[in-house]
Amino acid sequence: MLFGIFLLMYLTILMCNSTIMLITRTDPALQTPMYFFLSNLSFVEICYVTATIPRMLMDLCTQKGTIPLFSCAVQLSFVLMLGGMECLLLTVMAYDRYVAICNPLHYPLVMNNKVCVQLVAACWISIIPVVIGQTYQVFSLPYCGSNKINHYFCDIPPILKLACGDTFVNNLAVYVAAVAFFMVPSLLIIVSYGKIICNILKLSSAAGRSKAFSTCSSHLIVVVLFYGTATITYAQPKSNRSESMGKLLSLFYTILIPLLNPITYTLRNKDIMVALGKLQTNNSIKITGQCNVRYGLIASYDLLSADEQKFTTEKSNTSSLIEFVLLGFSDVPHLQWMLFGIFLLMYLTILMCNSTIMLITRIDSALQTPMYFFLSNFSFVEICYVTVTIPRMLMDLCTLKGNISIFACATQMCFILMLGGTECLLLTAMAYDRYVAICNPLHYSLVMNHRICTQLVAACWISVIPVVTGQTYQIFSLPFCGSNRINHFICDIPPVLKLACGDTFVNEIAVYIVAMVFVMVPFLLILVSYCKIIFSILKLSSAKGRAKAFSTCSSHLIVVVLFYGTAGITYLQPKPTQSERIGKLLSLFYTILIPTLNPIIYTLRNKDIMMALRKLLSKF
């Protein structure tokens with residue numbers, strides 16, 4: 001019975017939160033900071049329940065609760081990280097409401113897209129190191145006697161009860177973390193709502209007060225429910241903790257509250273209800289519209305006046321554009337030749353450095369390992385990637401023209417997406433290679449043999465090509481009318497979609513799905529790999545061994561953070577808050593600057609490559 005109930009609740013949580021993420025991304029009326037934060041909260045909710053419920057369902061189904069120590073540590077780490085993240089996001093949402101109600105004139109300036117992205121990023125960056133440190137501290141304790149955790153997931157209080165060492169420091173750390181990530185955010189929320197209520201009560205209009213309260217009520221209900229149960233669970237004295245009551249309260253904040261959150265936000269929010277209505281009617285309109293469009297257009301065209309017919313004909317003619325114009329850096333004409341010189345130098349540096357890496361990994365016998373095989377392939381992808389973008393940009397800077405045919409634009413976009421997706425997958429394969437090398441060193445040569453490595457690289461290419469080709473075809477099958485000026489230096493998806501005059505709903509959904517598959521999923525796999533790597537490294541007794549193990553991963557980790565950071569911000573930010581200038585700047589990062597830095601990072605931080613370089617130079 002419990003299996004059926006929890007499975008139904010889990011599926012409902014996934015469906016409701018995914019729907020909120022979908023409509024806040026696609027509906028123009030919901031492209032505001034409030035809904036951007038709500039979308040992030042829904043994503044955290046999905047991750048949070050996925051860290052606990054599937055494991056619980058498996059235990060209910062198999063009637064076994066056996067869990068390895070490492071899996072328990074990983075689950076605890078994710079539960080704490082996502083729980084803390086939720087607290088910080090609720091605080092950010094309270095601040096957003098405070099600015100909107102108390103400083104409405106400065107709201108667009110204060111809560112711009114850059115600030116919103118920085119706030120969400122700060123929430124993640126601040127919580128991750130604390131949680132990893134606390135999890136390591138808990139699992140470094142000695143455990144003796146019983147190994148039975150009286151809970152349905154790995155949580156701190158029931159695990160600490162099994163420790164036979166002194167848990168004073170750990171209990172103190174739990175309270176410090178609870179104060180930092182629960183009590184401080186709750187105090188900030190209370191202060192925000194204190195100021196909000198004072199400002200609302202000053203409004204003379206009853207309708208104005210009611211409207212202001214309505215924008216906060218959903219958030220306030222969620223805050224009270226979440227903080228109430230979490231505080232009772234973690235802040236009660238150790239001696240008074242009842243295990244049964246602890247499990248019951250945990251059910252509240254791990255299952256019931258994530259289930260209630262989307263319901264609270266939808267039923268009490270007119271904008272979301274309207275967007276849901278649009279989403280439901282959109283498909284039926286499209287189906288009936290496609291069936292009747294031919295006959296409807298003929299019938300309506302017959303009823304048009306001569307002038308209206310002329311206008312319709314002109315409009316249909318303008319929809320079939322022959323070419324686009326890439327504006328590039330035309331807004332800074334006085335810097336054209338300086339930019340030309342800088343980009344040309346960077347392009348030659350990228351070609352030279354990556355070609356050198358490919359050469360030495362091919363000819364040096366010490367570098368004939370899977371790690372350098374993947375690095376060689378990665379360098380090849382980098383060369384292809386910059387060759388698709390920089391030469392075209394240099395030509396435009398040189399000729400001061402940006403004319404590009406639709407076919408050439410589609411080809412460039414297809415190669416950019418294909419090579420970018422392959423880069424994401426290759427970084428994931430490289431993370432897996434490091435995981436096997438550090439966590440299973442005895443099986444490394446068997447698992448990562450040459451055939452497996454070749455298959456992994458081939459899979460990276462084969463999996464991305466059909467998806468990218470289909471997506472490019474879908475985008476360029478749209479009608480383009482009006483302006484043909486692309487405010488960018490490459491044919492990228494966001495600026496091209498802005499010129500489409502048809503319905504881009506399906507295309508935006510496709511972009512979002514592909515970004516999730518080729519950006520978020522590989523990123524999560526890299527994150528899981530490095531969690532396991534870090535735990536394995538920390539178990540090593542030798543300080544030299546730990547330093548050596550970390551040094552083999554550090555270069556890759558830096559590249560991952562740089563690449564995913566800029567690409568994620570570019571493609572996953574809300575549509576109306578996308579600044580064209582910021583978009584171009586971020587694109588410069590992941591199309592030119594990061595490919596320039598990658599070989600430098602891999603050479604300067606790698607002794608084997610530096611030795612191979614010295615050998616190569618001495619041969620010359």
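The values are calculated or read from the model by the stated rules, or taken from the named source; none is laboratory data. These numbers come from a predicted model, not from an experiment. Every residue, glycine among them, receives a Cβ derived from its backbone with ideal geometry; neighbour counts consider all protein chains shown. What goes into the accessible areas is simple: the full protein's heavy atoms, side chains included, and nothing from ligands, DNA or RNA. Shrake-Rupley method; radii C 1.70, N 1.55, O 1.52, S 1.80 Å.
Please give the length that would be gained between Thr469 and Met15 if that part of the chain were fully extended, namely 0.36 nm times their separation in residues minus their C-alpha to C-alpha distance (nm, one decimal).
Length gained between Thr469 and Met15: 160.5 nm.
When the accessible area of the chain is computed with all protein chains present and a 1.4 Å probe, what percentage of it is carbon and sulfur? Spell out each step's value before the answer.
Details: 21680 of 30730 Å².
Carbon and sulfur together cover 71 percent of it.
Over 18 Å between Cα atoms, which of Lys548/Lys615; Lys544/Lys607; Lys247/Lys532; Lys114/Lys584; Lys64/Lys539 qualify?
Values: Lys548/Lys615 22 Å; Lys544/Lys607 15 Å; Lys247/Lys532 28 Å; Lys114/Lys584 14 Å; Lys64/Lys539 28 Å.
Where the Cα-Cα span goes over 18 Å, the pairs concerned are Lys548/Lys615; Lys247/Lys532; Lys64/Lys539.
Provide the packing ranking of 178-186, 473-481, 143-151, i.e. peptides ordered by the mean count of other C-beta atoms within 10 Å per residue, highest first.
Answer by packing, highest mean first, reads 178-186, 473-481, 143-151.
Run the numbers for Ile462 and Leu394: contour at 0.36 nm per residue of separation, minus the present Cα-Cα distance, in nm. List each step's numbers first, then the result.
Details: separation 68, 0.36 × 68 = 24.48 nm, distance 3.07 nm.
So the chain would gain 21.4 nm between Ile462 and Leu394.
Which whole-Hz couplings ³J(HN,Hα) result when phi for each residue of segment 400-410 is put into the Karplus expression 6.51 cos²θ - 1.76 cosθ + 1.60, θ = phi - 60°, listed in order with x for Gly and Pro?
6, 10, x, 5, 9, 5, 4, 5, 5, 5, 5
Defining a contact as two alpha carbons under 8 Å apart and six or more residues distant in sequence, what relative contact order in percent does segment 436-572 show?
After rounding, I find 25 percent.
What FRET efficiency, computed as 1/(1 + (r/R0)^6) with R0 = 22 Å and r the Cβ-Cβ distance, is obtained for Tyr143 and Val184, rounded to the nearest 0.05?
0.10
Pairs of Cα atoms under 8 Å, at least six residues apart: use those to get the relative contact order of the chain, whole percent.
15 percent.
For segment 1-157, how big is the tail of P(r) above 28 Å, as a whole percent of Cα pairs?
35 percent
Which FRET efficiency, nearest 0.05, do Ser210 and Asp59 yield, Cβ-Cβ r, R0 60 Å?
With a Förster radius of 60 Å, E is 0.80.
Between Leu248 and Cys384, what is the label-to-label distance in nm when each label sits 7 Å out along the Cα-to-Cβ direction?
Between Leu248 and Cys384, the simple spin-label model gives 6.0 nm.
Just from its helices, what would the mean residue ellipticity at 222 nm be for the chain, if runs of 4 or more DSSP H residues each count -39500 (n - 2.57) and the sum is divided by every residue, rounded to the nearest 500 deg cm²/dmol?
The helix-only estimate for the chain comes to -26000 deg cm²/dmol at 222 nm.
Ranking request for peptides 216-225, 252-261: highest mean number of other beta-carbon atoms within 10 Å first, then the rest in descending order.
The peptides rank, most packed first, as 252-261, 216-225.
Going 7 Å from the Cα of Phe3 in the Cα-to-Cβ direction, what parts of segment 55-89 have a backbone nitrogen less than 17 Å from that spot?
Only 55-66 fall inside the zone, counting backbone N under 17 Å.
Expressed in nm², what is the orientationally averaged projection area of the convex hull enclosing the Cα positions of segment 439-492?
6.6 nm²
Normalized C-alpha radius of gyration of segment 117-192, against 2.2 N^0.38 Å?
Against the compact-globule rule of thumb, the ratio is 1.33.
For segment 58-111 and segment 138-188, what is the separation of their C-alpha centers, rounded to whole Å?
The two parts, judged by their Cα centres, are 18 Å apart.
Calculate the spin-label point distance for Leu497 paired with Val191, positioning each point 7 Å from the Cα along the beta-carbon direction, and give it in nanometres.
3.8 nm
Quick one: grab the alpha carbon gyration tensor of the chain, order the square roots of its eigenvalues as a ≥ b ≥ c, and give me rounded if a/c is under 1.5, else prolate or oblate depending on whether a/b is larger than b/c. Display every interim value, and only then the final one.
Details: a/c = 1.88, a/b = 1.11, b/c = 1.70.
It is oblate, given that a/c is not under 1.5 and a/b is not larger than b/c.
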